[in-house]
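Take a look at the structure set out below.
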Amino acid sequence: MTEDTLLAPALPCEYRAQSHDSGSVMESGSECVRMDEREILLGGLRLTTKTVAPMRIRQTPRPDHETGPRSAESYHLLIPLAGRVDIIWEHRRFSSGVGDLFVHDPTRMVACDVRPPGDGPAFRATCITVPQSLLNLPAEHLDGLLGRPLSATEGIGGLLTDFVTNINKNVHNLRPVDASRLGMTLASLVSALLFHALEVDGVSTTGQSHRHVLILRIQAFVQRHLREPDLTPRALAAAHHISTSYLHRLFQEEGLSVAAWIKAQRLERARLDLADPALCHVPIRAIASGWGFSHPSVFSRAFHRAFGTSASEFRQQALRGDPKIGGSVGRPG
């Protein structure tokens, strides 16, 4: 069972399955736990739509040596589409259905019931998995939002739900290069929703909100100007009317290096072009130059360090449809 599967309290059961990886027990009234899942990767975010039979899932007790609160690396924003879910997190209980969205932390969940709608056989929901590092909010602020009912039909929540719905509807028309752009927009909408919810509660997020919006704006600017070879930290700082030292500090707070992050984005775009059959006759040096690499040798060394293979070998494997070709560039330090 994956980490983001839902769970909770009391349902007559005929089936039980133990997941040793997740430390959870699933129980269902049917012969087996049925689950259909579709996942869309959007840069550092994951958009998952699940359809599951009625079930209860409860966490097995934590080992004695695991003390203190769990620390979530990612938070889930859950949007029920059909049916209801009842969740217990530690000492809190929450129920949510269609029209709601809420922040979910599976690491602190105790139990959960998944219930279908009255006229249907299965519960269905969309889950947005966001690394905590992209939210730029302290864990204690996020913890205060766990189970908080947020509207999926009005305000920022409505905009977010519409955006996710349109991605699901049009996923087959999206190119791989669109993923990081859509992921950035989705992360911005999630952050805006959470900042708004905290501010309604009287929590001051002014400084964090400004820094987060600025870093998103800078990263969007980089994506639009990746082809320009003179896109340097100094030029980037000047374009946003901030000092170069402040720019470096912003990225360091996100665990990033400005120059390394720009290079990683360029390498990822070049990698996608090398795997594109429509560009198979374009020389590698032209693709590299098109993404801001002025010297072929610099590009060759950087590509090999990032992906563990040469650009020419990668292209040959990709065009042959080799499933063993490497993934995308990770978070540069």
On a full-extension model of 0.36 nm per residue, what is the gain between Asp119 and Arg227, subtracting their alpha-carbon distance, rounded to one decimal in nm? 33.6 nm
Exposure of Asp100 as accessible area (Å², to 10), given a probe of 1.4 Å and all protein chains: 40
I'd like the carbon and sulfur percentage of the solvent accessible area for segment 209-314, probe radius 1.4 Å, heavy atoms only, ligands and nucleic acids excluded. 54
So how much accessible area does Cys280 have, in Å² to the nearest 10, using a 1.4 Å probe? 50
What does the extension gain come out to for Glu154 and Ala260, with contour length at 0.36 nm per residue minus their alpha carbon separation? 34.3 nm
Keeping all protein chains in the complex and leaving out DNA, RNA and ligands, what accessible area do you get for Ser300 with a 1.4 Å probe, in Å² to the nearest 10? 60
Length gained when the stretch His172-His248 is fully extended (0.36 nm per residue, less Cα-Cα span): 23.6 nm
Evaluate the distance, in nm, between pseudo-label points positioned 7 Å from the Cα of Val98 and of Ala278 along their respective Cα→Cβ axes. 3.8
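The values are calculated or read from the model by the stated rules, or taken from the named source; none is laboratory data. Note that the coordinates shown come from a computational prediction; the quantities given were computed from them, not determined experimentally. Methodologically, a virtual Cβ is constructed for each residue, glycine included, from the backbone with ideal geometry; neighbour enumeration extends over all protein chains shown. The area values use the complete protein model at the heavy-atom level, side chains included, leaving out ligands, DNA and RNA. Shrake-Rupley method; radii C 1.70, N 1.55, O 1.52, S 1.80 Å.
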